[in-house]
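Q: Before anything else, here's the structure in question.
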Amino acid sequence: TKRIFSGIKPTGHLTLGNYLGAVRQWVTAEYEPECALFCVVDLHALTVEHEPARVRRLSRQAATLLLAAGLDPARCTLFVQSHVDEHTRLAYLLECTATDGELRRMIQYKEKAARAQVSGEGVRLSLLTYPVLMAADILAYEAQEVPVGEDQQQHVELTRDIAVRFNQRYGHTFTVPRATLPAVAARVMDLQDPTSKMGKSHDSGAGIVYLLDEPGVVRKKVMRAVTDSGDGGVLYDRRTRPGVANLLDILAACTGGDPAALADGYSGYGALKRDVADAVVELLRPVQERHAELAGDPAQVEKVLREGAGRARELARPVVDRAYRAIGLLEP
Ligand code: TYM
(Lines give C-alpha, C1' and ligand atoms only; values in the text may rest on other atoms or scores of the structure.)
Protein backbone atom coordinates (compact mmCIF):
# COMPACT_ATOMS: atom_id res chain seq x y z
CA THR A 1 0.00 0.00 0.00
CA LYS A 2 1.12 3.53 -0.60
CA ARG A 3 2.51 5.90 2.00
CA ILE A 4 0.97 9.35 2.46
CA PHE A 5 2.35 12.31 4.39
CA SER A 6 1.05 15.83 4.88
CA GLY A 7 1.29 18.66 7.34
CA ILE A 8 -0.29 21.82 8.62
CA LYS A 9 1.40 24.80 10.16
CA PRO A 10 0.07 26.24 13.46
CA THR A 11 0.39 29.90 12.49
CA GLY A 12 -3.30 30.72 12.75
CA HIS A 13 -6.74 29.21 13.10
CA LEU A 14 -7.58 26.61 10.47
CA THR A 15 -9.54 27.93 7.52
CA LEU A 16 -12.02 26.65 5.00
CA GLY A 17 -9.10 26.72 2.53
CA ASN A 18 -7.09 24.31 4.68
CA TYR A 19 -10.12 22.06 5.00
CA LEU A 20 -11.21 21.93 1.35
CA GLY A 21 -7.70 22.04 -0.09
CA ALA A 22 -6.03 19.52 2.18
CA VAL A 23 -7.63 18.16 5.35
CA ARG A 24 -10.67 16.75 3.62
CA GLN A 25 -8.45 14.70 1.33
CA TRP A 26 -6.73 13.33 4.42
CA VAL A 27 -9.87 12.07 6.10
CA THR A 28 -11.67 10.46 3.17
CA ALA A 29 -9.18 7.73 2.35
CA GLU A 30 -8.99 4.35 4.08
CA TYR A 31 -5.64 3.94 5.74
CA GLU A 32 -3.47 1.81 7.95
CA PRO A 33 -1.62 3.70 10.71
CA GLU A 34 1.80 3.13 9.09
CA CYS A 35 0.57 4.34 5.71
CA ALA A 36 -0.83 7.76 6.49
CA LEU A 37 1.04 10.30 8.56
CA PHE A 38 -0.28 13.74 9.37
CA CYS A 39 1.79 16.29 11.17
CA VAL A 40 1.29 19.57 13.01
CA VAL A 41 4.46 21.25 11.77
CA ASP A 42 5.24 23.50 14.70
CA LEU A 43 8.88 24.08 13.71
CA HIS A 44 7.62 25.66 10.51
CA ALA A 45 5.57 28.12 12.57
CA LEU A 46 8.81 29.61 13.92
CA THR A 47 9.95 30.90 10.55
CA VAL A 48 8.05 34.16 10.90
CA GLU A 49 7.47 36.49 13.86
CA HIS A 50 5.70 34.35 16.47
CA GLU A 51 4.36 34.36 20.00
CA PRO A 52 5.44 31.26 22.00
CA ALA A 53 2.18 30.82 23.92
CA ARG A 54 0.16 31.26 20.74
CA VAL A 55 2.12 28.65 18.80
CA ARG A 56 1.60 26.21 21.67
CA ARG A 57 -2.12 26.91 21.78
CA LEU A 58 -2.54 26.72 18.02
CA SER A 59 -0.59 23.46 17.82
CA ARG A 60 -2.92 21.82 20.31
CA GLN A 61 -5.92 23.31 18.57
CA ALA A 62 -4.79 22.13 15.14
CA ALA A 63 -4.36 18.57 16.41
CA THR A 64 -7.79 18.69 18.06
CA LEU A 65 -9.39 20.03 14.88
CA LEU A 66 -7.78 17.37 12.72
CA LEU A 67 -9.27 14.70 14.95
CA ALA A 68 -12.60 16.55 14.91
CA ALA A 69 -12.47 16.67 11.12
CA GLY A 70 -12.32 12.89 11.09
CA LEU A 71 -8.70 11.73 11.29
CA ASP A 72 -8.93 8.38 13.01
CA PRO A 73 -5.93 7.65 15.27
CA ALA A 74 -6.55 3.94 14.78
CA ARG A 75 -6.01 4.27 11.04
CA CYS A 76 -3.40 7.01 10.72
CA THR A 77 -0.51 8.55 12.61
CA LEU A 78 -1.05 12.08 13.92
CA PHE A 79 1.90 13.78 15.58
CA VAL A 80 3.75 17.03 16.22
CA GLN A 81 6.87 17.72 14.16
CA SER A 82 9.09 18.90 17.03
CA HIS A 83 8.46 15.63 18.88
CA VAL A 84 10.42 13.69 16.28
CA ASP A 85 14.08 14.77 15.96
CA GLU A 86 14.51 12.99 12.65
CA HIS A 87 13.02 15.97 10.79
CA THR A 88 15.74 18.41 11.75
CA ARG A 89 18.45 15.75 11.50
CA LEU A 90 17.51 15.11 7.91
CA ALA A 91 16.90 18.77 7.08
CA TYR A 92 20.59 19.51 7.66
CA LEU A 93 21.69 16.83 5.21
CA LEU A 94 19.27 18.12 2.62
CA GLU A 95 20.57 21.66 3.11
CA CYS A 96 23.87 20.25 1.97
CA THR A 97 22.29 19.18 -1.31
CA ALA A 98 19.98 22.12 -2.10
CA THR A 99 21.20 25.47 -3.37
CA ASP A 100 20.59 29.04 -2.35
CA GLY A 101 19.27 29.81 -5.84
CA GLU A 102 16.68 27.06 -5.69
CA LEU A 103 15.31 28.32 -2.41
CA ARG A 104 15.21 31.96 -3.40
CA ARG A 105 13.02 31.02 -6.35
CA MET A 106 10.21 29.77 -4.09
CA ILE A 107 7.09 31.91 -4.50
CA GLN A 108 6.10 31.69 -0.82
CA TYR A 109 9.58 32.73 0.24
CA LYS A 110 9.47 35.78 -1.99
CA GLU A 111 6.05 36.81 -0.70
CA LYS A 112 6.77 36.23 2.97
CA ALA A 113 10.25 37.71 2.83
CA ALA A 114 8.81 40.85 1.23
CA ARG A 115 6.20 41.08 4.00
CA ALA A 116 8.78 40.60 6.78
CA GLN A 117 11.01 43.23 5.22
CA VAL A 118 8.20 45.77 4.98
CA SER A 119 7.22 45.28 8.61
CA GLY A 120 10.84 45.77 9.64
CA GLU A 121 11.10 42.37 11.38
CA GLY A 122 13.87 41.11 9.17
CA VAL A 123 13.75 37.82 7.32
CA ARG A 124 14.50 34.78 9.47
CA LEU A 125 17.08 32.48 7.91
CA SER A 126 14.68 29.59 8.55
CA LEU A 127 12.16 31.22 6.20
CA LEU A 128 14.60 30.61 3.36
CA THR A 129 15.36 27.02 4.39
CA TYR A 130 11.69 26.26 5.16
CA PRO A 131 11.15 24.12 2.02
CA VAL A 132 14.16 21.98 2.92
CA LEU A 133 12.64 21.15 6.30
CA MET A 134 9.42 20.38 4.47
CA ALA A 135 11.33 18.07 2.12
CA ALA A 136 12.78 16.34 5.18
CA ASP A 137 9.25 15.88 6.59
CA ILE A 138 8.20 14.09 3.43
CA LEU A 139 11.35 12.13 2.60
CA ALA A 140 11.92 10.82 6.14
CA TYR A 141 8.74 8.76 5.78
CA GLU A 142 9.31 7.58 2.21
CA ALA A 143 5.99 9.15 1.30
CA GLN A 144 4.72 8.51 -2.20
CA GLU A 145 1.84 10.95 -2.09
CA VAL A 146 1.52 14.36 -0.46
CA PRO A 147 -2.08 15.61 -0.41
CA VAL A 148 -1.89 19.41 -0.38
CA GLY A 149 -3.52 22.53 -1.79
CA GLU A 150 -2.14 24.26 -4.87
CA ASP A 151 0.09 26.68 -2.97
CA GLN A 152 2.29 23.81 -1.73
CA GLN A 153 2.81 22.28 -5.14
CA GLN A 154 6.05 24.14 -5.79
CA HIS A 155 7.49 22.94 -2.47
CA VAL A 156 6.65 19.34 -3.33
CA GLU A 157 8.32 19.79 -6.73
CA LEU A 158 11.47 20.98 -4.96
CA THR A 159 11.25 17.95 -2.67
CA ARG A 160 11.21 15.73 -5.76
CA ASP A 161 14.25 17.49 -7.20
CA ILE A 162 16.13 17.11 -3.92
CA ALA A 163 15.25 13.42 -3.66
CA VAL A 164 16.24 12.62 -7.24
CA ARG A 165 19.53 14.48 -6.89
CA PHE A 166 20.38 12.80 -3.60
CA ASN A 167 19.63 9.38 -5.05
CA GLN A 168 21.77 10.04 -8.11
CA ARG A 169 24.78 11.30 -6.18
CA TYR A 170 24.72 9.12 -3.09
CA GLY A 171 22.85 6.00 -4.13
CA HIS A 172 19.18 5.17 -3.88
CA THR A 173 17.97 6.46 -0.50
CA PHE A 174 14.65 8.27 -0.89
CA THR A 175 11.26 7.57 -2.42
CA VAL A 176 10.36 10.33 -4.87
CA PRO A 177 6.97 11.77 -3.80
CA ARG A 178 4.28 13.55 -5.76
CA ALA A 179 1.69 16.13 -4.75
CA THR A 180 -1.98 15.21 -5.02
CA LEU A 181 -4.48 18.07 -5.31
CA PRO A 182 -8.25 18.02 -4.92
CA ALA A 183 -10.25 18.28 -8.17
CA VAL A 184 -12.00 21.45 -6.98
CA ALA A 185 -11.03 24.04 -4.36
CA ALA A 186 -7.29 23.37 -4.58
CA ARG A 187 -6.97 27.12 -4.13
CA VAL A 188 -9.75 28.75 -2.11
CA MET A 189 -9.56 32.52 -2.40
CA ASP A 190 -10.13 35.24 0.19
CA LEU A 191 -13.79 36.30 0.13
CA GLN A 192 -12.87 39.99 0.34
CA ASP A 193 -9.96 39.77 -2.09
CA PRO A 194 -10.65 36.94 -4.52
CA THR A 195 -7.33 37.39 -6.29
CA SER A 196 -5.38 36.25 -3.24
CA LYS A 197 -5.44 32.97 -1.36
CA MET A 198 -7.55 32.51 1.77
CA GLY A 199 -4.71 32.18 4.25
CA LYS A 200 -4.73 31.58 8.00
CA SER A 201 -1.68 33.76 8.53
CA HIS A 202 -3.24 36.78 6.83
CA ASP A 203 -5.30 38.94 9.10
CA SER A 204 -7.95 40.33 6.80
CA GLY A 205 -10.55 38.48 8.92
CA ALA A 206 -13.69 39.30 7.00
CA GLY A 207 -12.56 37.37 3.92
CA ILE A 208 -11.53 34.23 5.79
CA VAL A 209 -13.90 31.52 6.99
CA TYR A 210 -12.42 29.73 9.99
CA LEU A 211 -13.43 26.17 10.81
CA LEU A 212 -14.61 27.30 14.21
CA ASP A 213 -16.64 30.29 13.01
CA GLU A 214 -20.21 30.17 14.28
CA PRO A 215 -22.98 29.75 11.67
CA GLY A 216 -24.00 33.41 11.95
CA VAL A 217 -20.44 34.53 11.33
CA VAL A 218 -20.03 32.17 8.36
CA ARG A 219 -23.26 33.51 6.83
CA LYS A 220 -22.22 37.11 7.28
CA LYS A 221 -18.81 36.54 5.69
CA VAL A 222 -20.26 34.69 2.72
CA MET A 223 -23.10 37.16 2.14
CA ARG A 224 -20.59 40.02 2.16
CA ALA A 225 -18.17 38.28 -0.20
CA VAL A 226 -16.91 40.50 -2.98
CA THR A 227 -18.53 39.51 -6.25
CA ASP A 228 -17.82 40.80 -9.69
CA SER A 229 -19.76 43.39 -11.57
CA GLY A 230 -20.82 42.45 -15.04
CA ASP A 231 -24.03 41.20 -16.48
CA GLY A 232 -24.92 37.99 -18.22
CA GLY A 233 -25.95 36.22 -15.03
CA VAL A 234 -23.78 33.87 -13.01
CA LEU A 235 -20.75 32.69 -14.99
CA TYR A 236 -17.85 30.46 -13.99
CA ASP A 237 -14.69 32.24 -15.10
CA ARG A 238 -11.79 32.31 -12.70
CA ARG A 239 -9.96 34.99 -14.64
CA THR A 240 -12.64 37.59 -15.27
CA ARG A 241 -15.02 36.71 -12.41
CA PRO A 242 -12.74 35.53 -9.61
CA GLY A 243 -15.18 36.32 -6.78
CA VAL A 244 -18.07 34.36 -8.23
CA ALA A 245 -15.82 31.54 -9.42
CA ASN A 246 -14.51 31.20 -5.86
CA LEU A 247 -18.06 30.91 -4.48
CA LEU A 248 -18.92 28.31 -7.13
CA ASP A 249 -15.75 26.36 -6.30
CA ILE A 250 -16.65 26.36 -2.61
CA LEU A 251 -20.21 25.27 -3.37
CA ALA A 252 -19.00 22.53 -5.70
CA ALA A 253 -16.50 21.30 -3.11
CA CYS A 254 -19.20 21.21 -0.41
CA THR A 255 -21.95 19.60 -2.46
CA GLY A 256 -19.92 17.49 -4.87
CA GLY A 257 -21.04 19.21 -8.08
CA ASP A 258 -19.14 20.79 -10.94
CA PRO A 259 -18.60 24.56 -10.55
CA ALA A 260 -19.34 25.50 -14.18
CA ALA A 261 -22.50 23.37 -14.23
CA LEU A 262 -23.66 24.83 -10.92
CA ALA A 263 -23.43 28.34 -12.36
CA ASP A 264 -26.25 27.54 -14.80
CA GLY A 265 -28.66 27.09 -11.90
CA TYR A 266 -28.39 30.74 -10.76
CA SER A 267 -29.56 34.01 -12.21
CA GLY A 268 -28.30 36.20 -9.39
CA TYR A 269 -25.56 36.40 -6.80
CA GLY A 270 -27.88 36.60 -3.79
CA ALA A 271 -29.28 33.10 -4.20
CA LEU A 272 -25.81 31.72 -4.90
CA LYS A 273 -24.43 33.27 -1.72
CA ARG A 274 -27.30 31.91 0.37
CA ASP A 275 -26.66 28.40 -0.94
CA VAL A 276 -22.92 28.70 -0.35
CA ALA A 277 -23.52 29.89 3.20
CA ASP A 278 -25.90 26.98 3.89
CA ALA A 279 -23.47 24.46 2.39
CA VAL A 280 -20.50 25.72 4.41
CA VAL A 281 -22.49 25.85 7.65
CA GLU A 282 -23.60 22.23 7.08
CA LEU A 283 -20.06 21.17 6.20
CA LEU A 284 -18.62 22.66 9.38
CA ARG A 285 -21.38 21.66 11.78
CA PRO A 286 -20.19 18.09 12.53
CA VAL A 287 -16.55 19.22 12.77
CA GLN A 288 -17.47 21.91 15.28
CA GLU A 289 -19.60 19.54 17.35
CA ARG A 290 -16.84 16.98 17.55
CA HIS A 291 -14.29 19.69 18.32
CA ALA A 292 -16.35 20.84 21.28
CA GLU A 293 -16.30 17.28 22.68
CA LEU A 294 -12.59 16.75 22.12
CA ALA A 295 -11.57 20.16 23.45
CA GLY A 296 -13.02 19.06 26.79
CA ASP A 297 -10.61 16.13 26.91
CA PRO A 298 -7.10 17.45 26.20
CA ALA A 299 -5.51 14.38 27.80
CA GLN A 300 -7.02 12.24 25.06
CA VAL A 301 -5.52 14.43 22.33
CA GLU A 302 -2.14 14.40 24.08
CA LYS A 303 -2.22 10.62 24.21
CA VAL A 304 -2.88 10.43 20.47
CA LEU A 305 0.03 12.79 19.80
CA ARG A 306 2.40 10.87 22.07
CA GLU A 307 1.60 7.55 20.45
CA GLY A 308 1.80 9.15 17.02
CA ALA A 309 5.26 10.56 17.71
CA GLY A 310 6.47 7.15 18.87
CA ARG A 311 5.28 5.49 15.70
CA ALA A 312 6.63 8.27 13.48
CA ARG A 313 10.07 8.08 15.11
CA GLU A 314 10.33 4.38 14.40
CA LEU A 315 9.43 4.86 10.77
CA ALA A 316 11.76 7.81 10.19
CA ARG A 317 14.86 6.73 12.07
CA PRO A 318 16.09 3.97 9.72
CA VAL A 319 15.50 6.17 6.68
CA VAL A 320 17.43 9.09 8.13
CA ASP A 321 20.22 6.81 9.37
CA ARG A 322 20.51 5.40 5.87
CA ALA A 323 20.85 8.92 4.46
CA TYR A 324 23.61 9.71 7.00
CA ARG A 325 25.60 6.69 5.87
CA ALA A 326 24.98 7.36 2.17
CA ILE A 327 26.22 10.94 2.32
CA GLY A 328 29.50 9.92 3.95
CA LEU A 329 29.06 10.28 7.70
CA LEU A 330 30.80 7.74 9.89
CA GLU A 331 28.69 5.19 11.72
CA PRO A 332 28.70 6.04 15.45
P1 TYM B 1 -0.34 25.35 5.51
O2 TYM B 1 -0.34 25.14 6.97
O3 TYM B 1 -0.21 26.72 4.99
O4 TYM B 1 -1.64 24.73 4.89
C5 TYM B 1 -2.05 23.41 5.17
C6 TYM B 1 -2.68 22.80 3.93
O7 TYM B 1 -3.80 23.58 3.50
C8 TYM B 1 -3.65 23.94 2.15
N9 TYM B 1 -4.22 25.27 1.95
C10 TYM B 1 -5.14 25.58 1.03
N11 TYM B 1 -5.77 24.84 0.10
C12 TYM B 1 -6.67 25.46 -0.68
N13 TYM B 1 -6.99 26.78 -0.57
C14 TYM B 1 -6.38 27.55 0.35
N15 TYM B 1 -6.72 28.83 0.46
C16 TYM B 1 -5.42 26.95 1.20
N17 TYM B 1 -4.64 27.44 2.21
C18 TYM B 1 -3.92 26.40 2.64
C19 TYM B 1 -2.16 23.94 1.90
O20 TYM B 1 -1.86 23.77 0.52
C21 TYM B 1 -1.71 22.76 2.74
O22 TYM B 1 -1.86 21.55 2.03
N23 TYM B 1 4.31 24.10 4.15
C24 TYM B 1 3.00 23.58 4.50
C25 TYM B 1 3.04 22.66 5.70
C26 TYM B 1 3.98 21.51 5.56
C27 TYM B 1 3.78 20.35 4.77
C28 TYM B 1 4.92 19.53 5.03
C29 TYM B 1 2.77 19.94 3.92
C30 TYM B 1 5.16 21.37 6.21
N31 TYM B 1 5.72 20.17 5.88
C32 TYM B 1 5.06 18.30 4.38
C33 TYM B 1 2.92 18.69 3.27
C34 TYM B 1 4.06 17.90 3.52
C35 TYM B 1 2.10 24.74 4.85
O36 TYM B 1 2.54 25.79 5.20
O37 TYM B 1 0.77 24.42 4.85
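Q: Tell me the mean residue ellipticity at 222 nm calculated for the chain from its helices only (DSSP H runs of n ≥ 4, each -39500 (n - 2.57), averaged over every residue, nearest 500).
A: Calculated from helices alone, the mean residue ellipticity at 222 nm is -16000 deg cm²/dmol.
Q: Can you give me the angle between helix 86-95 and the longest principal axis of the chain, using Cα atoms only, in degrees from 0 to 90, rounded to the nearest 10?
A: Taking the Cα atoms of the chain, the angle to 86-95 is about 80 degrees.
Q: Provide 128, 46 ordered by accessible surface of protein heavy atoms (probe 1.4 Å), highest first.
A: Ranked from most to least accessible, the order is 46, 128.
Q: If you average 1/r over all unlike Cα pairs in region 102-246 and invert the result, what Kirkwood radius do you get in angstrom?
A: 17.8 Å
Q: Further question: Once amide H atoms are placed 1.01 Å from N in the peptide plane, what residues at a sequence separation of 5 or more from residue 80, or on another chain, have their amide H within under 5 Å of its amide H?
A: 40, 309
Q: Limiting things to C-alpha atoms, what are the Rg and the maximum Cα-Cα separation (Dmax) for region 1-93, in angstroms?
A: Radius of gyration, then largest Cα-Cα span, for region 1-93: 13.3, 40 Å.
Q: Kindly sort 254, 76 by accessible area of their heavy atoms, largest first, with the probe set to 1.4 Å.
A: 254, 76
Q: From the backbone phi of region 287-304, what are the Karplus-calculated ³J(HN,Hα) couplings (6.51 cos²θ - 1.76 cosθ + 1.60, θ = phi - 60°) in whole Hz, Gly and Pro given as x?
A: Working through the residues one at a time gives 5, 5, 4, 5, 4, 4, 5, 5, 5, x, 9, x, 5, 5, 5, 4, 5, 4 Hz.
Q: How far is helix 52-68 tilted, in degrees, relative to the longest principal axis of the Cα atoms in the chain, given as a value from 0 to 90 rounded to the nearest 10?
A: 70 degrees
Q: Over the Cα atoms, compute the radius of gyration (one decimal) and Dmax (the largest Cα-Cα distance, rounded to a whole number) for region 87-174, in Å.
A: Looking at region 87-174, its Cα Rg and Dmax stand at 13.5, 44 Å.
Q: A follow-up question, please. Work out, step by step, the length gained on full extension between residue 330 and residue 32: first 0.36 nm times the residue separation, then minus their alpha carbon distance; give nm to one decimal.
A: Separation in residues times 0.36 nm, less the Cα-Cα distance, equals 103.8 nm.
Q: Leaving ligands, DNA and RNA out of it, work out the accessible area of residue 50 with a 1.4 Å probe and give it in Å² to the nearest 10.
A: 60 Å²
Q: Now for a separate question. In degrees, nearest 10, range 0 to 90: what is the angle between the Cα axis of helix 107-118 and the longest Cα principal axis of the chain?
A: 80 degrees
Q: Connecting C-alpha atoms closer than 10 Å in a GNM of the chain, tell me which of 119, 82, 59 has the biggest fluctuation.
A: 119
Q: For region 62-80 and region 247-309, what is the centre-to-centre distance using only Cα atoms, to the nearest Å?
A: Between the Cα centre of region 62-80 and that of region 247-309, the gap is 17 Å.
Q: For the chain, with a Gaussian network of springs between Cα atoms less than 10 Å apart, report the residue from 182, 242, 52 with the top mean-square fluctuation.
A: Ranking 182, 242, 52 by mean-square fluctuation puts 52 first.
Q: On the accessible surface of region 205-292, probed at 1.4 Å, how many percent belong to carbon and sulfur atoms?
A: Details: 2090 of 4110 Å².
Here carbon and sulfur together make up 51 percent of the probe-accessible area.
Q: Check which residues have an amide H placed less than 5 Å from residue 7's amide H, if you skip close sequence neighbours.
A: 39
Q: Amide H of residue 180 versus every other amide H placed in the peptide plane: which residues, excluding those fewer than 5 positions away on the same chain, fall under 5 Å?
A: Under 5 Å from the amide H of residue 180: 146, 148.
Q: If each of residue 104 and residue 264 carries a label point 7 Å out from its Cα toward its Cβ, how far apart are those two points in nm?
A: Placing both labels 7 Å along Cα→Cβ, they lie 5.1 nm apart.
Q: A further question on this structure: Order these peptides, 129-142, 256-269, 159-172, by their mean beta-carbon neighbour count within 10 angstrom, highest first. Intermediate values should be presented prior to the final figure.
A: Values: 129-142: 25.1, 256-269: 14.3, 159-172: 16.4.
Answer by packing, highest mean first, reads 129-142, 159-172, 256-269.
Q: Okay, next question. Restricting to lysine pairs 8 or more places apart or on different chains, what number in the chain have Cα atoms under 25 Å apart?
A: For the chain, qualifying lysine pairs total 18.
Q: So what is the relative contact order for the chain, in percent, with contacts set as C-alpha pairs under 8 Å and at least six apart?
A: 23 percent
Q: Here is a further query. How many percent of Cα pairs in the chain exceed 31 Å?
A: 34 percent
Q: Counting other Cβ atoms within 10 Å, keep those with at most 12, restrict to DSSP loop, and tell me which GluC sites (Glu not before Pro) in region 1-53 are left.
A: 30, 49
Q: Here's a follow-up. Select from 108, 288, 300 the residue whose mean-square fluctuation is largest in a Gaussian network model of the chain (Cα-Cα springs shorter than 10 Å).
A: 300
Q: Provide the per residue accessible area, probe 1.4 Å, for the chain, rounded to a whole number of square angstrom.
A: 46 Å²
Q: Let me ask you something else. Mean projection of the alpha-carbon convex hull of region 205-292 over all orientations, in nm²?
A: That works out to 5.6 nm², a quarter of the Cα hull's surface.
The values are calculated or read from the model by the stated rules, or taken from the named source; none is laboratory data. From a predicted model like this one, the values you see are computed outputs, not experimental measurements. Here the Cβ is made from the backbone with ideal geometry for all residues, glycine too, and neighbour counts use every protein chain on show. The protein model used for the area step is the full one, side chains on, heavy atoms only, and it has no ligands, DNA or RNA in it. Shrake-Rupley method; radii C 1.70, N 1.55, O 1.52, S 1.80 Å.
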